[in-house]
Amino acid sequence: MRTYVPKTIHLVGSIGLDTVEDVFRTVGMELGPYLKRIPDGEVGGRKLWISWQYPLLRASTYLRPDPSGKVRPTNRFALLTLAKGVASSDVHFGELGYAREARASYLDFIEAPDTWDELVADGAKLTKRDAAGNVSQWAVEIPSTGFPYWLFQGLTTANNVRLMNQAGTETYFDKPEVIQALQFWVDLSRKDKIEPQGTIEWGTTPKDFFERKTAIMWTSTGNLTNVRSNAGFPFGVAMLPAHQGRGSPTGGGNFYLFKKMTDEERTAAFKFVRGMTTPERAADWGIATGYVAVRPDAWDTPAMKKYVADFPAAAVARDQLKYAVAELSTHDNQRVTKALNDGIQAALTGTKTPEQAMKDAQQEAARILRASR
Amino acid sequence: MNAAAEPIARGLAEEAGRMPPPAVGPVAPRTSPTRGAPIGLSAHIHGWLLLLPAAVLLVTFTYYPAVATIIDSFFSTPKGRRNAAFIGLDNYQAMLDDPVFWRALGNNIVYAASVIPLTIALALMMAILINGKIAGRPFLRLSFFTPTVLPMIAVANIWLFFYSPGYGLLDQFLGVFGFATHNWLGDEHTALACLIVVAIWKDAGFFMIFYLAALQQMSPQLAEAAAIEGASRWYFFRRVTFPLLMPTTLFVLINAIINSFRLIDHIVVMTRGGPDNTTALLLFYIYEVGFKFWDTAYAATLTVVLLALLAFLALGQFLFLDRRIHYQ
């Protein structure tokens with residue numbers, strides 16, 4: 001249970017630290033929940049605005065040192081006045097670099113990259129290497145052990161392609177768009193070098209994020225509460241980057257009611273399912289884990305409203321659902337899924353090209369599904 | 001169970017080796033009252049009743065499942081309303097065409113061929129080390145034995161983090177010597193080796209206990225005699241200690257072989273057979289086919305292969321190795 005802490009501290013002006021990140025981390029660690037506002041000033045060499053602007057002003061042909069020889073008492077800079085014959089309306093300084101600097105420092109706290117191209121571009125900045133070329137922080141990790149097909153659907157759907165038909169009797173693993181999506185994933189590690197090579201373990205990905213081994217992780221919403229409790233730094237949640245469009249798979253599990261049941265069993269099972277999915281319970285479950293609460297009215301419960309107001313990140317995956325497609329599901333599902341998983345892993349480890357991997361996966365899936373048509 | 005069975009097996013082997021008894025000198029007359037008299041029906045029943053509990057257990061949990069598995073492997077998997085049908089050798093044909101089966105079999109052979117000798121060698125070395133009088137012996141014994149006591153699922157989760165790239169124990173250790181970080185479990189060249197190390201670490205302590213017990217029963221006179229004769233320590237080990245440990249080695253070997261085909265918990269936790277089946281072992285694949293794909297008939301077929309493989313190995317051990325081993 002989180003206790004409410006009154007936010008009473010306002011900070012204003014510049015703070016004499018080197019980077020924006022330092023400022024945010026320092027005030028975050030020191031003042032934490034009491035902090036209401038953070039400074040809007042600048043950092044590093046520009047923390048004293050007048051000082052860093054001075055060379056620029058001094059170099060301007062519109063200005064000259066004050067003939068009286070007066071200096072600014074704090075830093076001994078000569079006061080400047082208009083040059084001879086210059087009207088104040090004529091003065092302009094060209095590009096001050098302010099906007100550029102602002103954008104650059106904003107990048108430290110960016111919104112997550114919104115498209116595949118941005119992911120690659122930002123990824124280059126987010127990947128930190130030491131002098132020997134060893135990476136201390138990767139830009140992104142997309143876990144690929146166990147069930148890589150699932151997050152792969154986040155890539156294929158964004159590339160505007162479906163992996164199977166509605167009936168679950170056909171798969172489209174070798175479509176060019178699917179191969180492109182896999183090529184993009186493989187390129188993240190092998191060409192762009194912003195993701196670790198080889199397969200990435202699901203279980204250790206959140207820990208990698210906590211240890212700042214990776215700047216961005218793709219993971220299940222079921223990890224959200226874990227991250228919220230264990231990340232020792234501010235973090236954000238964003239939708240998966242878009243390409244042809246947005247996209248993600250659905251997740252979760254199902255309740256099944258069987259045809260062959262007695263009426264008594266059916267009534268009891270139905271009652272159980274109803275009880276498990278009441279708005280209050282769905283909200284509780286969502287708050288406790290991070291999983292998306294499964295029914296819209298769960299989001300109207302007071303508990304959920306308070307939770308989202310306090311922690312807006314919780315609503316991102318919900319809002320992404322309108323771009324989601326059904327999770328891969330076919331006849332003989334586990335086998336077909338394994339064919340795809342093996343193909344994805346073969347491409348990620350470099351044993352097969354994405355094209356070869358997806359052609360093999362499709363062939364295997366088609367062989368398995370022959371019996372279902 | 002196995003540990004308890006060993007002396008019995010050894011006793012039987014000794015008995016078998018001594019028959020017929022050497023007929024030298026006058027044989028003392030047997031005093032058994034039933035000798036020569038016909039055995040009564042009640043004695044028969046008595047004997048069978050004594051056997052019954054063991055027989056019931058064996059039939060229920062060993063013979064019946066094995067036979068049922070073999071029968072199932074000749075039928076198709078029942079699906080929905082379609083019952084299992086006799087399909088002869090179709091499952092076996094499908095198995096021969098299944099690349100994942102061959103991969104798993106190959107992986108398992110590499111795995112067994114590495115795990116078995118390394119585990120046994122390590123167990124023997126640890127046993128000899130802590131059999132001697134060295135400082136901190138109880139602590140060493142405890143630390144060698146600890147991996148055996150811990151549940152595999154739990155230690156696999158710990159090893160997962162040992163191997164994690166960057167901040168994992170292994171990478172941190174290697175980083176001290178200037179090695180770059182490596183994605184140990186995510187690289188098809190290193191994943192299986194990583195699992196082999198876990199298996200060795202897990203079992204070496206267990207086998208060490210058997211070697212330690214055998215070493216402690218060994219008469220100190222042998223070492224004294226060898227010392228008087230001027231045998232070097234290595235010579236003594238090679239010609240005296242190791243041959244005398246052979247019965248233990250056989251027992252340990254059988255268990256190591258069984259474990260190398262039986263223990264897959266760490267695979268479920270650490271790699272789930274990936275990347276791209278490079279760490280799939282036979283039993284893990286059987287589990288996938290049987291309980292994820294629910295293709296029970298094909299799982300039975302794969303199980304028959306595993307059974308045959310293990311039976312063949314066990315037979316080889318008892319028929320060939322056992323004859324060469326000297327029992328005291």
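Would you call residue B:160 of a type outside the set (Ser, Thr, Tyr) and surrounded by fewer than 19 Cβ atoms within 10 Å (Cβ to Cβ)? I'd like the intermediate steps shown before the answer.
Values: of a type outside the set (Ser, Thr, Tyr): yes; surrounded by fewer than 19 Cβ atoms within 10 Å (Cβ to Cβ): no.
It is false that residue B:160 is of a type outside the set (Ser, Thr, Tyr) and surrounded by fewer than 19 Cβ atoms within 10 Å (Cβ to Cβ).
Restricting attention to the stretch B:246-280, the residues that are over 30 Å from residue A:353 (Cβ atoms) and more than 10 Å from chain A (Cβ to nearest Cβ) total 21. Scanning the stretch A:229-271 for residues that are under 14 Å from the mean Cα position of the chain (by Cα) and of a type in the set (D, E, K, R) returns a single hit, A:246.
In the stretch A:191-219, the residue that is farthest from the chain's Cα centre (by Cα) out of those that are at the interface with another protein chain (Cβ under 7 Å from one of its Cβ atoms) and hydroxyl-bearing (Ser, Thr, Tyr) is A:199.
Of all residue pairs spaced 6 or more apart or on separate chains, those with beta-carbon atoms under 9 Å, a first member in the stretch B:116-130 that is without any contact (Cβ under 8 Å) to a residue 60 or more places away in the chain and a second member that is buried (at least 20 other Cβ atoms within 10 Å of the Cβ) and of a type in the set (Gly, Ala, Ser) are B:117/B:256; B:121/B:204; B:125/B:204.
Please find, among B:55, B:43, the residue that is farther than 11 Å from residue B:297 by Cβ, under 38 Å from the mean Cα position of the chain (by Cα) and modelled with pLDDT of 85 or more. Walk me through it before giving the result.
Details: B:43 fails: under 38 Å from the mean Cα position of the chain (by Cα).
Step by step, each of B:55, B:43 is checked, and only B:55 is farther than 11 Å from residue B:297 by Cβ, under 38 Å from the mean Cα position of the chain (by Cα) and modelled with pLDDT of 85 or more.
Here residue A:357 passes the criteria (1) closer than 16 Å to residue A:179 by Cβ; (2) free of Cβ contacts under 8 Å to residues at least 60 places away in the same chain; (3) within 11 Å of another protein chain (Cβ to nearest Cβ) except the one numbered (2).
Kindly indicate whether any position in the stretch A:319-329 is more than 30 Å from residue B:188 (Cβ to Cβ) and crowded, with 20+ Cβ neighbours inside 10 Å.
Restricting attention to the stretch A:319-329, the residues satisfying the condition of being more than 30 Å from residue B:188 (Cβ to Cβ) are A:319-326.
Next, from what is left, pick out any that are crowded, with 20+ Cβ neighbours inside 10 Å: none.
Within the stretch A:319-329, none of the residues are more than 30 Å from residue B:188 (Cβ to Cβ) and crowded, with 20+ Cβ neighbours inside 10 Å.
Step by step: first the residues of the stretch A:336-354, then only those that are β-branched (Val, Ile, Thr) and without any contact (Cβ under 8 Å) to a residue 12 or more places away in the chain, then the one that is farthest from residue B:291 (Cα to Cα). Which residue is that?
Filtering the stretch A:336-354 down to residues β-branched (Val, Ile, Thr) leaves A:336-337, A:344, A:349, A:351, A:353.
Still in the running and without any contact (Cβ under 8 Å) to a residue 12 or more places away in the chain: A:351, A:353.
On the way: A:351: 28, A:353: 31 Å.
Selected residue: A:353.
The single condition from (1) within 14 Å of chain A (Cβ to nearest Cβ); (2) modelled with pLDDT of 90 or more; (3) closer than 30 Å to residue B:83 by Cα that residue B:294 fails is (2). Going residue by residue through the stretch A:289-296, is there one that turns out to be surrounded by 15 or more Cβ atoms within 10 Å (Cβ to Cβ), of a type in the set (A, V, I, L, M, F, W, C) and either assigned by TED's automatic domain parsing to the domain that holds residue A:153 or on the phi > 0 side of the Ramachandran plot (or both)? Checked the stretch A:289-296: no residue is surrounded by 15 or more Cβ atoms within 10 Å (Cβ to Cβ), of a type in the set (A, V, I, L, M, F, W, C) and either assigned by TED's automatic domain parsing to the domain that holds residue A:153 or on the phi > 0 side of the Ramachandran plot (or both). Go through the residues of the stretch A:135-142 one by one and say whether even a single one is under 24 Å from residue A:239 (Cα atoms), modelled with pLDDT of 95 or more and outside any strand (DSSP E or B). Yes, that holds for at least one residue.
Selection of first residues in the stretch A:319-335 that are under 26 Å from residue A:241 (Cα atoms) and away from every other protein chain (no Cβ under 12 Å) and of second residues that are surrounded by fewer than 18 Cβ atoms within 10 Å (Cβ to Cβ) and of a type in the set (Val, Ile, Thr), restricted to Cβ pairs under 7 Å at least 6 apart or on distinct chains, gives the following pairs, ordered by first then second residue: A:324/A:250; A:326/A:250; A:327/A:250.
Across the stretch B:196-221, the number of residues qualifying as surrounded by fewer than 20 Cβ atoms within 10 Å (Cβ to Cβ) and either over 24 Å from the mean Cα position of the chain (by Cα) or basic (Lys, Arg) (or both) comes to 4.
When residues of the stretch B:160-173 are filtered for being within 11 Å of chain A (Cβ to nearest Cβ) and either assigned to a helix (DSSP H, G or I) or in contact (Cβ under 8 Å) with a residue 60 or more places away in the chain (or both), how many remain? Let's see the steps before the verdict.
Pass one, the stretch B:160-173, residues within 11 Å of chain A (Cβ to nearest Cβ): B:160-168, B:171.
Remaining after also requiring either assigned to a helix (DSSP H, G or I) or in contact (Cβ under 8 Å) with a residue 60 or more places away in the chain (or both): B:160-163, B:171.
Of the residues in the stretch B:160-173, 5 are within 11 Å of chain A (Cβ to nearest Cβ) and either assigned to a helix (DSSP H, G or I) or in contact (Cβ under 8 Å) with a residue 60 or more places away in the chain (or both).
Any idea how many residues of the stretch B:262-280 are farther than 16 Å from residue A:145 by Cα and out of contact with any helix residue (DSSP H, G or I) (no Cβ under 6 Å at 6 or more places or on another chain)? Residues flagged as farther than 16 Å from residue A:145 by Cα and out of contact with any helix residue (DSSP H, G or I) (no Cβ under 6 Å at 6 or more places or on another chain) within the stretch B:262-280 amount to 2.
Consider residue A:344 carefully, then state whether it is more than 14 Å from chain B (Cβ to nearest Cβ), of a type in the set (A, V, I, L, M) and buried (at least 20 other Cβ atoms within 10 Å of the Cβ).
On the way: more than 14 Å from chain B (Cβ to nearest Cβ): no; of a type in the set (A, V, I, L, M): yes; buried (at least 20 other Cβ atoms within 10 Å of the Cβ): yes.
In short, no.
Comparison of B:156, B:193 shows that the only residue that is within 21 Å of residue A:345 (Cα to Cα) and under 24 Å from the mean Cα position of the chain (by Cα) is B:193. Among the residues of the stretch A:179-189, are any buried (at least 23 other Cβ atoms within 10 Å of the Cβ) and under 22 Å from residue A:314 (Cβ atoms)? No, every residue in the stretch A:179-189 fails to be buried (at least 23 other Cβ atoms within 10 Å of the Cβ) and under 22 Å from residue A:314 (Cβ atoms). In the set (1) surrounded by fewer than 22 Cβ atoms within 10 Å (Cβ to Cβ); (2) within 11 Å of chain A (Cβ to nearest Cβ); (3) in contact with a Pro (Cβ under 8 Å, 6 or more places away or on another chain), the condition left unmet by residue B:179 is number (3). Scanning the stretch A:286-298 turns up no residue that is in a helix (DSSP H, G or I), at pLDDT 90 or above and of a type in the set (Phe, Trp, Tyr). Sub-7 Å Cβ pairs linking a first residue in the stretch A:264-281 that is touching a residue at least 12 places away in the same chain (Cβ under 8 Å) to a second residue that is in a helix (DSSP H, G or I), at least 6 apart or interchain, are A:279/A:297; A:279/A:298, ordered by first then second residue.
The values are calculated or read from the model by the stated rules, or taken from the named source; none is laboratory data. Only a predicted model underlies this, so the values are computations on that prediction, with no experimental measurement involved. Backbone-built Cβ (ideal geometry, glycine too); neighbour counts: all protein chains shown.
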